[in-house]
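A short write-up of the structure that comes next.
The values are calculated or read from the model by the stated rules, or taken from the named source; none is laboratory data. Please read all numbers here as calculations on a predicted model, not as lab measurements. Every residue, glycine as well, gets a Cβ built from its backbone with ideal geometry; the counts of neighbours run over all protein chains shown.
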Amino acid sequence: MKRRVVITGMGIYSCLGYNLDAVLDSLYNAKSGIVFDPLRKEMGFRSALTGNITTPDLKSVLNRNQRNYMPDQARYAYVATAEALKNARLDQDYLDSHIVGLMYGGDSTAEPTYKSCEAMIRKQDTTKVGSGAIFQSMNSTVTMNLSCIFKLKGINLTVSGACASGSHAIGLGALLIADGLQDIVVCGGAQEVNPYAVGSFDGISAFSTREDAPEKASRPFDRDRDGLIPSGGAATVIIEDYETAVKRGAPILGEVLGYGFSSNGDHISVPNVDGPSRSLRMAVERAGIDLRDIGYVNAHATSTHVGDQNEAKAIYNVFGDVRPEVTSTKSQTGHEMWMAGASEIIYSMLMMQNGFIAPNLNFENPDEDSAKLNIPSKRVEKKFDIFLSNSFGFGGTNSTLIVKNLLK
């Protein structure tokens, strides 16, 4: 990195809690955010499992027009970003007088699109769709809403990289800062939580059907895993140039040491081993650290058979006999999709700041590949200063981030 890139604020709206303190409590006490949704069963879903999220009521903080332009995921992102900006000590006066960028991961906005199309067909009148529909249904809905509400004047870009979107947003934001093109970037990822967004996943039998015990359904790396659980919310990470952060007296929480990326160049939905391995190696090389410096790996592992198997192989390819703890926080949250790459940075940061590693829930029987990794099924009390986080997505897109603790 040409300039040091540090993390100065975080905010989250997750099935584990609607702020950092609540999420920390859920991580430490191994609480699951996965529930059974009867509506999905009524709609004909094979699996009615989902992350448990309610839409925040923003009437007291945003005007009617602002709310009208925002789908659920933009509302989640607003709450997460407001918390992150507050924690980073970035008030509106500062945002008004400085160039602050925005890069957020997002790759669908299904419910508003469906409702707009349904209204056009049913009413035979496009004027009945509503003035906010176009802004809610665009892929860039989160960045267009956040940039206008917080009056951000720097880069304004949505990163669409499937389930690596949030991670890529942070990595690309870090590159802009390192190259001197931005001093501060608001980064993150958001995912809507509704049946319309994930029905096609259910249709290809991607989801776990352990409906009798929702909290036991997400089983990353376990031999008896049978599919992922859809989830979502929003997570925001404020990153900035180290010198800028020091100058304004910001709380410096961590440093983005490395960003690795790759494409599998292979099957559109089935991951391989080579692509993720290259992403990991690139991140480690750019971070300029020894593998033994990495005290924890937050795996992408979503609880699918091939995905977890090939990631375990990739991690072992890179780390070999160096065996840091490896867990997937998706065992608690389900798969937060476009949000996951950002939220898992926050989950890992909270664990690192508080000296523990949350358990890989439901890891009861390793398979041949996960047995080679150090995967704890119980909480580990451990101080560590560097972690690595993987995020992979459809189309073979891979992103790896390495973050160092700077909190004193």
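Select the helices (runs of 4 or more DSSP H) contained entirely in region 4-99, then report the ones holding at least 2 residues which are surrounded by fewer than 24 Cβ atoms within 10 Å (Cβ to Cβ) and of a type in the set (A, V, I, L, M).
Correct list: 20-28, 72-87.
Can you run down the residue pairs with Cβ atoms below 8 Å, 6 or more apart or on separate chains, where the first is in region 256-268 and part of a strand (DSSP E or B) and the partner is modelled with pLDDT under 95?
That search, which allows pairs on different chains as well, returns V256/M1; L257/M1.
Suppose we filter region 72-98 for residues that are among the aliphatic types (A, V, I, L, M), touching a Gly at 6+ places or on another chain (Cβ under 8 Å) and more than 16 Å from T8 (Cα to Cα); how many remain?
Residues that pass the stated criteria total 2.
If the Cβ limit is 8 Å and pairs must be 6+ apart or interchain, which residue in region 38-50 that is touching a residue at least 40 places away in the same chain (Cβ under 8 Å) pairs with which residue that is among the aliphatic types (A, V, I, L, M) and in a helix (DSSP H, G or I)?
Close Cβ pairs (under 8 Å, with a partner that is among the aliphatic types (A, V, I, L, M) and in a helix (DSSP H, G or I)) amount to A48/L39; T50/V198.
Can you tell me how many residues within region 211-231 are farther than 11 Å from I34 by Cα and in a loop (DSSP other than H, G, I, E, B)?
Residues in region 211-231 being farther than 11 Å from I34 by Cα and in a loop (DSSP other than H, G, I, E, B): 9 in total.
Out of all the residues in region 143-176, which are surrounded by 19 or more Cβ atoms within 10 Å (Cβ to Cβ) and in a strand (DSSP E or B)?
If the condition is that a residue be surrounded by 19 or more Cβ atoms within 10 Å (Cβ to Cβ) and in a strand (DSSP E or B), then T158, V159, G161, C163 are the ones that fit.
Looking at region 177-192, which of its residues are of a type in the set (A, V, I, L, M) and surrounded by fewer than 20 Cβ atoms within 10 Å (Cβ to Cβ)?
Residues satisfying the conditions are A178, L181.
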